[in-house]
Each structure stands twice: as C-alpha cells, then as structure tokens.
C-alpha cells in the first residue's frame, strides 16, 4: 500500500536535504581504516577510533614472532577496558590474535572499576585512557588495580602521572 506524502514546503525540503547529508556522512564514518603494521601505536589508534567513531582493522600483529604471535595480554585487557567504558563497542579478534577489528561505541564515563592484570603497569593503561576522559557522557571516575610501582622501565608510574597532572 502506497502512502501519500504531503507537498513539501521550503522547511521540509531543507530538512530532507539535511537527512540525506547525514546519511552520506554516516556512510563515510562506517568505512574501516586498515592498519597493516601490527601493534604499532596500539592505544593511540584505538583512542582516535573512539573519538572519531571510525572503525579500524589492525593486521599483522607480531605475525613474524614465531614464539608468541598476536596480541599480548595487556593489549587484550586494554580492549576490555575500552569495552567497559563504552556502550556499543564491538571487538573481533582473530583466532591467532594477529588481527582484530574494532568498531567504536559511545563513551559513557561514569564509575569504572577495572583490574589491569600484572603484565603492564597501571600507568600504561592510564596513558591510553586520559585522552578519552573528558569526552564521556558523564564525568569519568576510574578505579584501576594492578602493578603501580613502575615495574616496566618504559611504563610511567602512577605517581609520575599524578605529579604531571
């Protein structure tokens, strides 16, 4: 059964054009950005994906490492943390862990409790999360547990981050 549409006025024509533009824009945002160089800039790519709402695909993650190819435990934990901080985020990790696809959701904020595990310092997780903190729907209250003493030489201790802020 066909529906009769009202004759468009100037206001409805403008609204229709805006809807069409929005649909073209959402199609552009749904294009997946593909990174072929593995785990390089892992956290920064995920942060940019969340802030721009553009999905990403990362491939060749330590694919040449015969002993331990793929994502490390702390990288998987970081993906879990992002999933807890958002609504609608989707992460698909390949069976070998050498590639994943990340579709960002909406940053919620609010109160988040998360165990970072024992493979990296809490500071490593904080470095990735801090750029996202102001953009949630609510104020972010983050309670991270894990290594805090700067066990890894390249990770900043939580005291260092606190002093810098």
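The values are calculated or read from the model by the stated rules, or taken from the named source; none is laboratory data. These numbers come from a predicted model, not from an experiment. Here the Cβ positions follow ideal geometry from the backbone for every residue, glycine too, while neighbour counts run over all protein chains shown.
I'm checking my understanding of the structure. Among residues of region 39-53 that are surrounded by 15 or more Cβ atoms within 10 Å (Cβ to Cβ) and touching a residue at least 60 places away in the same chain (Cβ under 8 Å), which one is farthest from residue 90 (Cα to Cα)? Residue satisfying both the conditions and the ranking: 43. Restricting the search to strands (runs of 3 or more DSSP E) fully inside region 1-115 and requiring at least 2 residues that are closer than 20 Å to residue 130 by Cβ and at pLDDT 95 or above gives 110-115. Summed over region 116-165, residues that are part of a loop (DSSP other than H, G, I, E, B) and closer than 17 Å to residue 73 by Cβ total 10. Selection of region 125-165 for residues being under 15 Å from the mean Cα position of the chain (by Cα) and surrounded by 14 or more Cβ atoms within 10 Å (Cβ to Cβ) yields 125, 126, 127, 128, 129, 130, 131, 132, 133, 136.
Within region 54-71, none of the residues are under 17 Å from the mean Cα position of the chain (by Cα) and either more than 15 Å from residue 35 (Cα to Cα) or touching a residue at least 60 places away in the same chain (Cβ under 8 Å) (or both).
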